[in-house]
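FYI, it's all coordinate maths here, none of it is from the lab. Everything numeric in this text was worked out from a predicted model, so none of it was measured. Backbone-built Cβ (ideal geometry, glycine too); neighbour counts: all protein chains shown.
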Amino acid sequence: MKMAKASEKDIDAAGDAMSVLNDISSGYYPARDGDEAPPLHFDPDDTEHLRRFYQLMNATLDAAPGWPGRVIGGMCYVILFDKNEIVDPAADTLEIHPRFDALQTQRDELLAALVEIADPCALRTAEGFRLIARAAIAKAKP
């Protein structure tokens, strides 16, 4: 699946929205720098508080239109989607899928095999593995 990559503006807007939502969910008024004498606690029955909440959330959409789709959608439907095998489904934290460990092992085995068939002198340079790979590819071409 392909999806538009979140931009820096998208990430900033998502961070702002997360901050507002964290304030509200903790019972605090979502005060921001420049607010004069804001209340400490959020009152969901106060229309001025609700208006402020709306304004702050709407400001994130104005700053980066479409960010929820790219940030939230990208995480939920691309990164965390089990069929894409990007994140380890068995882990409680964000960890790379185990298939990448298997690919790394396969890569190491292939490089070791190239070392065995290549000129040992080529390994003396920092580019050694690349030289070996290029030689093997050139040898394999008809």
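So which residues in the stretch 12-37 are surrounded by 14 or more Cβ atoms within 10 Å (Cβ to Cβ), aliphatic (A, V, I, L, M) and within 27 Å of residue 73 (Cα to Cα)? 13, 14, 17, 20, 21, 24 - these are the residues of the stretch 12-37 that are surrounded by 14 or more Cβ atoms within 10 Å (Cβ to Cβ), aliphatic (A, V, I, L, M) and within 27 Å of residue 73 (Cα to Cα).
Screening the stretch 41-76 for residues that are hydroxyl-bearing (Ser, Thr, Tyr) and within 13 Å of residue 17 (Cβ to Cβ) and picking the one that is surrounded by the fewest Cβ atoms within 10 Å (Cβ to Cβ) gives 54.
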